Number of protein chains: 2
Amino acid sequence: MGIDRKKLIVEAATKSFSQFGYKATTIDQVAKIANVGKGTIYTFFKNKEELFDEIISSLIKELKVTADEAFLGDLPFHEKLHQALYQILEFRMSHQLSIKLFQEAREIGTPAVVDVINRMENNILRNIEERVSKAIETGSIQSCDPKVTAVVMLKLYIALIFDWEKNNPPLEKDEIAKLFEQYIFKGLAK
Amino acid sequence: MGIDRKKLIVEAATKSFSQFGYKATTIDQVAKIANVGKGTIYTFFKNKEELFDEIISSLIKELKVTADEAFLGDLPFHEKLHQALYQILEFRMSHQLSIKLFQEAREIGTPAVVDVINRMENNILRNIEERVSKAIETGSIQSCDPKVTAVVMLKLYIALIFDWEKNNPPLEKDEIAKLFEQYIFKGLAK
DNA sequence: AAATGACCAAATGAACATTTCAGTCAATTT
DNA sequence: AAATTGACTGAAATGTTCATTTGGTCATTT
């Protein structure tokens, strides 16, 4: 068999989206990087957005794998959850494509990119929600609404990492773990 | 004495900023509404931004009064805090000038408006931080970093009100109070 | 001394010209 | 005949020009 053109296209597009973002990536550009005629791209993908969506689906899968790894050991639930949330936000900060997309959503607001970021966030939330549900069932934590809890936990992490850093020196990973435990698990009440 | 022109100007500007936002408000417009010559405005304010800042200072004071009222009764600390945070976000959602400014910051990103919103948020944070500090001193809550705690609490409220509403039916005020207590004060640990 | 509005330079945006780009399809290659 | 290609197209983005608007000043009026 010949070369896998679809793979070449996806790789080229990933490279270009990572470097220039979604809007600034042209199909001609992708075709050139992939060493493929422009028309070939349209034999595999209906349009630019579908190509983008396929790449994002991979990204989401990768992200899920990363998060799931955090739940493998036999640490207490709150530590596993900390690990998972931290990895998710770490991913967002270190993965080139991720960085570029958040930047594009913030600075330009490209609709397709905003949509995709919401899709990612919803996936994360559903994942956390499921973990919380299981933890309630197994009695690891108190009963609570898993959906609300997932939103609260993710936003707490975003607050501790991104919002805090806007005006203050960043917190260390273990500081964040301690704060997470203190606020959400132990509580501030005496 | 004649009419208080400064007051007329401030009232006119407040009206116009509330209706059209900062950028879309012209000094000519303000002068006209205030029934005052344009030059008169510049005898009281160095420029458009200073006029804006003075109005925002009032807004911040008003907001502080609203928040402080929540701490008057003799409810438990977490209930007072809930009341204060809720009032602050309620204010943001019902006060016309506030609404318009958040909209302008989001949709246009006018620098002067973004600055002003940060100023408001910092004021809120400092206020909460102080209340938390006092609560620690008086032994109402466990020891914790008041600054981090203030950020966490405010962001938790924003999550429960604004972020939650993006994908779900809004939570009632007393539901929010219960969630706040459950997550931050009691904790999820068993 | 306080208030004013005509005036100016800079910013804005409407109108038009040009370029870019996503997507198509007839021709070419395998 | 199936897969691949790149020249082509209309629509949308971008660049350009220029008249209008606007923040701020200051000589004149009150």
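Going through region B:80-97 one residue at a time, which ones are touching a helix residue (DSSP H, G or I) at 6+ places or on another chain (Cβ under 9 Å) and either aromatic (Phe, Trp, Tyr) or surrounded by fewer than 16 Cβ atoms within 10 Å (Cβ to Cβ) (or both)? Step through it out loud before you land on a result.
Quick first cut of region B:80-97, residues touching a helix residue (DSSP H, G or I) at 6+ places or on another chain (Cβ under 9 Å) only: B:80-93, B:95-97.
Selection gives B:Tyr86, B:Glu90, B:Phe91, B:Met93, B:Gln96.
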Checklist entry - Pick from B:Lys61, B:Lys100, B:Lys32, B:Lys38: which is buried (at least 17 other Cβ atoms within 10 Å of the Cβ), at negative phi and either within 16 Å of DNA strand C (Cβ to nearest atom) or away from every other protein chain (no Cβ under 14 Å) (or both)? => result B:Lys100
Checklist entry - Within region A:125-138, which residues are open to solvent by 30 Å² or more (accessible area, probe 1.4 Å) and either out of contact with any Pro (no Cβ under 7 Å at 6 or more places or on another chain) or of a type in the set (A, V, I, L, M) (or both)? => result A:Arg126, A:Glu130, A:Arg131, A:Lys134, A:Ile136, A:Glu137, A:Thr138
Checklist entry - Among the residues of region A:103-117 satisfying the criterion of being without any contact (Cβ under 8 Å) to a residue 24 or more places away in the chain and open to solvent by less than 80 Å² (accessible area, probe 1.4 Å), which is farthest from A:Ile158 (Cα to Cα)? => result A:Gly109
Item to check | Residue identified as outside the structural domain of A:Tyr22 (by TED's automatic domain parsing), more than 30 Å from B:Gly109 (Cβ to Cβ) and at pLDDT 95 or above among A:Leu125, A:Leu154, A:Leu160, A:Leu179 | outcome: A:Leu179
Next on the checklist: List the helices (runs of 4 or more DSSP H) inside region B:1-83, counting only whole elements, that have at least 3 residues being farther than 21 Å from B:Ile108 by Cα and polar (S, T, N, Q).
Outcome noted: B:48-69
Next on the checklist: Condition (residue is outside any helix (DSSP H, G or I), out of contact with any Lys or Arg (no Cβ under 9 Å at 6 or more places or on another chain) and not polar (S, T, N, Q)) applied to region A:108-117: is it met by at least one residue?
Outcome noted: yes
Next on the checklist: Testing A:Lys23 on (1) at pLDDT below 95; (2) open to solvent by 90 Å² or more (accessible area, probe 1.4 Å); (3) within 8 Å of DNA strand C (Cβ to nearest atom), one condition comes back false. Which one is that?
Outcome noted: (1)
Next on the checklist: Out of B:Leu156, B:Leu171, I need the residue that is in contact (Cβ under 8 Å) with a residue 12 or more places away in the chain and under 27 Å from B:Gln103 (Cβ atoms). Which one?
Outcome noted: B:Leu156
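Does B:Val36 satisfy being under 30 Å from B:His82 (Cα atoms) and away from DNA strand D (no atom under 11 Å from the Cβ)? Give the derivation first.
Working: under 30 Å from B:His82 (Cα atoms): no; away from DNA strand D (no atom under 11 Å from the Cβ): yes.
No: the conditions fail for B:Val36.
What do you reckon, is B:Phe44 open to solvent by 10 Å² or more (accessible area, probe 1.4 Å) and modelled with pLDDT of 95 or more? Even if it seems obvious, please write down each step before you answer.
Numbers: open to solvent by 10 Å² or more (accessible area, probe 1.4 Å): yes; modelled with pLDDT of 95 or more: yes.
In short, yes.
Can you report the number of residues in region B:137-153 which are under 21 Å from the mean Cα position of the chain (by Cα) and either without any contact (Cβ under 8 Å) to a residue 60 or more places away in the chain or facing another protein chain (nearest Cβ under 8 Å) (or both)? Break it down stepwise before answering.
Our first condition is that a residue be under 21 Å from the mean Cα position of the chain (by Cα); within region B:137-153, this holds for B:146-153.
Checking the rest, the ones that are also either without any contact (Cβ under 8 Å) to a residue 60 or more places away in the chain or facing another protein chain (nearest Cβ under 8 Å) (or both) come to B:146-152.
Result for region B:137-153: 7.
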Next on the checklist: Quick check on B:Ile184: is it within 8 Å of another protein chain (Cβ to nearest Cβ), touching a residue at least 40 places away in the same chain (Cβ under 8 Å) and of a type outside the set (Gly, Ala, Ser)?
Outcome noted: yes
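The values are calculated or read from the model by the stated rules, or taken from the named source; none is laboratory data. Please read these numbers as outputs of a predicted model, since none were measured by experiment. Note: ideal-geometry Cβ built from the backbone for every residue, glycine included; neighbour counts use all protein chains shown. Side chains included, ligands, DNA and RNA excluded: accessible areas come from the protein's heavy atoms. Shrake-Rupley method; radii C 1.70, N 1.55, O 1.52, S 1.80 Å.
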